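We did not get these values from a lab; they are worked out from the coordinates using the rules stated. Since we're looking at a predicted model, the values are computed, not measured. Note that each Cβ is placed from the backbone with ideal geometry, even for glycine, and that neighbours are counted across all protein chains shown.
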Amino acid sequence: MVHTIRVQTTKGPDIQGEALLHEIKQLEKTSIKKVTSIKVYRVEGVTKSEAKKLAELAFSESVNQEFTIDKSRHSTLSSSRKRGSSILGQAENDKQYTIEIAYKPGVMNPEVGSILKSAEDLGIKLTAADSSKEYIFSGTISKNELSKLIETLNLYNPLIEHIVSKDPRTLLIEGKVGKTNIIPLREATDNELMRLSKDKLFLNLEEMKVIQRYFQSTKRDPTDCELEVLAQTWSEHCVHKTFRADLTIDGKKKPSLISRIKETAKGHPSIVSAFVDNSGVIDFYDGYGICGKVETHNSPSAIEPYGGAMTGSGGVFRDVLGTGQGAKPLISTDIFCFAPPDLPKKLLPPGCLPPDYILKRVVQGVRDYGNRVGIPTNNGSLHFYKDFRAKPTVAVGAYGIIPKKQAIKKSPNVGDLALTLGGRTGRDGIHGATFSSGEMTHQTKTVSETAVQIGNAIEEKRVIDAIQELREEGLIHATTDCGAGGYSSAVGEMGKDAGVSVHLENVPLKYAGLAPWEIFLSESQERMVIAIDPKMKKRVLAICKKYNVEAAAIATFDGSKRLHVYFQKEKICDLSMDFLHDGLPRRHMVGISKKRVPQPPLPPADLSSEALAKEEALAKAGQLPKDLERSWKKVLSDPNVCSKEPIVRLYDHTVQGRNALPPFAGVAMDAPTDGAIVKPFYDKPYGLVTTHGLNPVLNTFDPFWGSVWAITEAVANYVSVGGNLKDAALIDNFIWPFPDEESLADLDKSVDACVAMAKLLKMPFVSGKDSLSSTYRYPDGKALKIPPVLLISVFGKIPDVAKTASSDFKKKDSVIVFVGQQDTKHLGGSVYLNDLNHFSGDIPRVNLKTLPKILSAITNGIQNHGILSCHDVSEGGIAVAVAEMCFGAGFGAEIDLKKISSGRPDYTLFNETAGTFLVEVADEKAAAKIFKNLPHETIGKTTRNGEISVLLGKKQMAKASINELKTAWQKTMREYFG
């Protein structure tokens, strides 16, 4: 019997209900007066008294909550109407409607594991459990109006959730084991091969014919498992075919993209491990290495943003955990690109989720996973541009630490056992690797629903702890995570050299009914695979039990050099490891640069007709727009500039207590810092530094200089907090449209920029990821290319966290120095021009001759305590940088643009040339000592009042109070996150 327990907050605020009512009132005028939220638990296999014990001790707080058992909806509101008469259960007074939302059967509900464990701790053995949410809407709204409102609110995602219409008879998922099918491939025509590929394999004709010839040579047709394994292993997502391809760009042959990037790492003294493991590892102190990885989860987040973000976070944590013999994750980062949350509905492509919904659910996913697993989210950014309306960019990073002697990736020994640790296997996540390799269409959300997973952070936390102890005892010979492709990828790659025999009947399952190939390919989350000496199995299982981690031996590395997969004695896969991993034909790809249309001239200082007629005179006179203060506030409130504090505060960035430089600094701890610094060891001064750089639009205009901008921004942030680039490494993430000839040529230019900058700065790339499916195909065949994005992350070591700097001004009457050279002729892609509805493509170019010396001077100035505060100039230009430094300080500033203005002062104030800085020093002598002959100018001073004044010589161009500017800066995200 299934017992239903409802828990309602009866004293104090109903947070969820009030938040939903607030959201409704923001959308439209409504007659709904109240929304009540109720938590629903269902338990099976226990008596009613045991259910009551669970309700009292595990599910409710007696201080402010009440519960009912096996009562109908509205029982807490004195109504006796039974459930199940309609999807929206209506109360007797016709003024209240109830909707219950639950995960679909088979979708991971992360709360279930905790329910089962709580019951076990109380001495209660449950057969099954589930949980859901119930909302009661009170008001005069009709049922049809409420149904439309629920759809507008995106209150649930029908891909993974459903509206409960009747009480379940059982919570157990029943089903028969699926069969292994033989696929008639040897005699298939080219059209039949491509039809099969288009359905679920995402391989091209040449690749399909190579597979066909292989099975013709074996004189048998493949099983469904064998085809699925080949499709996964050969997917763009897993094997990076475009980055490994031979290239011809504009008629010139060029080496592969990946070979050029890997070249930057050769011979670098800091590298411990690069491009051979789940993350890159560089030298730290005292015999340790630090590792970093940044992953993308764009496709899953486009169709189920909460689960996509959760599993993106969980996956990158496991990348660090699966490095060497098991690194310890310390911190995480998150970088997102979305369409503006207020995007008009008419611009939303068919089958795509609204950007405001994606924004909120992605943030919630990162919050819930990172906070629950206990890993702080210390650094990140949000970017908005309309062409992300079809598919967002969701990048999540993780950084960790490991003894260097255990940091090198190893292969299993022949005879070793492969153990699976952590979560059980279900149907969730199937075809995730191949799904992520294809274009999005209006049908993606429906066709690829099994590719979605929901994460369980508590399970991952236990796995992390268990792996640490196993590593410390030297019990792990090799390890990797179950990411894209599940056991097919994890066990298949670990057994590449030795060969492996897998027995799927030993895999712990969430429920019955999976076909054997589904067990092998499932991407269910929170699973790791380790290779161990069979003699140590008992000890390994004991450690896993200590941390409540389920573990099972599922394979043996047998020396056969083949992949053998069995299910209940039936062999369902028999592939040569050589063919599986080296049989993929190498692509030759052609790129042709597109001719870029000449860009229109920059707009006049004022867009009125009078100003248009007097543009030349205005420029000579150095006039600004009529209301510069309004433009200033508009730039500060732009989603790409505004404060992201309402989001960042949702993340726990203090857990573990390692912060040396948190996301915010200053008097009120609400001014942004340029990077994050944590202490891996509580009793040592050493620090781990992380920063990043990205601009979502510049590569559309110029892929080479746009990429230079992103790299420069990343390293500028790094030195702004005191980091030294000689002790740091780079991570690349290319999020690009499907590589047609034009997009491939742009990608080639971006890689050229990466290699050139790595050589210029003497910094290696040690890890990276390409996601080349950022194209949406409309039903009529028209393509929408998501903007090509290069995300660059930097991580490294610092000997003393006391020798660092934050961005907030430290003293009154100190000197403000502008460091670097602006490219004031080029403002393309800037927030200022965007707010003027002018989309010039002439983007600012970094002065690469002076950049390395400027970066070094900034580092030395901070290390020697000559620089009191430092902030790099990026989105919004000097106008935003000086405002943010004042926000942290609580006092004002006066700046004079005359020394650095080359014509239009507004172009100087809002210019976004990367590699320029505002620094605070004691006096001009200090500035001269730090920067010597490098380009720098004293442009102002900090003041004792609460205002920022912008001057051009003696002429005041603008003045605004800190409070006014800060209000404009903070209000935008508060509209969405409170």
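The dipole here belongs to segment 2-163: it is taken about the Cα centre, uses +1 on the Cβ of Lys and Arg and -1 on the Cβ of Asp and Glu, and is about 400 debye. For Asp578, what is the net charge nearby, where nearby means another residue's Cβ is under 10 Å from its Cβ and Lys, Arg count +1, Asp, Glu -1? Net charge in that neighbourhood comes out at +2.
For the chain, what does -39500 (n - 2.57) per DSSP helix run (n ≥ 4), summed and divided by total residues, give at 222 nm, in deg cm²/dmol to the nearest 500? Intermediate values should be presented prior to the final figure.
Details: 33 runs with 315 residues, N = 978.
Counting only the DSSP helices, I get -9500 deg cm²/dmol.
Between the Cα long axis of helix 962-977 and the first principal axis of the chain there is an angle of about 20°, rounded to the nearest 10.
For the chain, report the translational diffusion coefficient in µm²/s to the nearest whole number, using Stokes-Einstein at 37 °C, 0.692 mPa s, and a Kirkwood Rh over Cα pairs. The partial results should precede the final answer.
Values: Rh = 29.8 Å.
Reported coefficient: 110 µm²/s.
Taking the Cβ-Cβ separation of Ser114 and Asn144 as r and a Förster radius of 35 Å, what is the calculated FRET efficiency to the nearest 0.05? Don't jump to the answer; show the numbers that get you there.
On the way: r = 38 Å, r/R0 = 1.08.
For Ser114 and Asn144, the calculated efficiency is 0.40.
Summary value for segment 2-163: 30 percent relative contact order, contacts being C-alpha pairs under 8 angstrom separated by 6+ residues.
If packing is taken as the mean number of other Cβ atoms within 10 Å per residue, what is the order of 367-376, 168-177, 248-257, highest first? Write down the numbers at each step before the final one.
Values: 367-376: 22.2, 168-177: 12.6, 248-257: 14.3.
Result, highest mean first: 367-376, 248-257, 168-177.
Evaluate E = 1/(1 + (r/R0)^6) for Glu56 and Ala542, where r is the Cβ-Cβ distance and R0 equals 35 Å; express this FRET efficiency to the nearest 0.05.
The formula returns an efficiency of 0.55 here.
Once the Cβ-Cβ distance of Thr967 and Asp800 is raised to the sixth power relative to R0 = 41 Å, the FRET efficiency obtained is 0.65.
So if I take the alpha carbon set of segment 2-163, get Rg, then get Rh from the Kirkwood formula, what is the Rg over Rh ratio? Walk me through the intermediate numbers first.
Working: Rg = 16.2 Å, Rh = 16.7 Å.
That ratio is 0.97, to two decimals.
Which lysines, on any chain, are close to Lys117 with Cα under 16 Å apart, when same-chain ones fewer than 8 places away are left out? The qualifying lysines are Lys53, Lys125, Lys461, Lys510, Lys545, Lys546. Length gained on full extension, Met194 to Asn154, computed as 0.36 nm times the residue gap minus the Cα-Cα distance: 10.8 nm.
If Lys and Arg each add +1 and Asp and Glu each add -1, what is the summed charge of the other residues whose beta carbon sits under 11 Å from the beta carbon of Thr264? Can you show the working numbers first?
Details: positive: Arg260, Lys262, Lys266, Lys759, Lys762; negative: Glu263, Asp732.
Charge balance near Thr264 sits at +3.
Peptides 695-703, 497-505 ranked from most to least packed by the mean count of surrounding Cβ atoms within 10 Å: 695-703, 497-505. Put simply, when 574-582, 716-724 are sorted by average Cβ atoms within 10 angstrom per residue, most first, you get 716-724, 574-582. The angle between the Cα long axis of helix 703-720 and the longest principal axis of the Cα atoms of the chain comes to about 80 degrees, rounded to the nearest 10.
At full extension, Leu205 and Val755 could sit 194.7 nm farther apart than now, given 0.36 nm per residue minus the alpha carbon distance.
Based on DSSP, what percent of beta bridges with both residues in the chain are antiparallel, to the nearest 5?
Numbers: 136 of 164 bridges.
Restricted to the chain, the bridges split so that about 85 percent are antiparallel.
Relative to one another, the C-alpha centroids of segment 867-893 and segment 161-200 are positioned 56 Å apart.
Placing +1 on each Lys and Arg Cβ and -1 on each Asp and Glu Cβ, with no other charges, gives segment 471-595 a dipole about its Cα centre of roughly 240 debye.
Positive end of the dipole of the chain (Cβ unit charges, origin at the Cα centre): among Leu504, Ala395, Ala729, the Cα lying farthest that way belongs to Ala729.
Specify the angular offset, from 0 to 90 degrees and rounded to the nearest 10, of the alpha carbon long axis of helix 851-863 from the longest principal axis of the alpha carbons in the chain. Roughly 90 degrees, rounded to the nearest 10.
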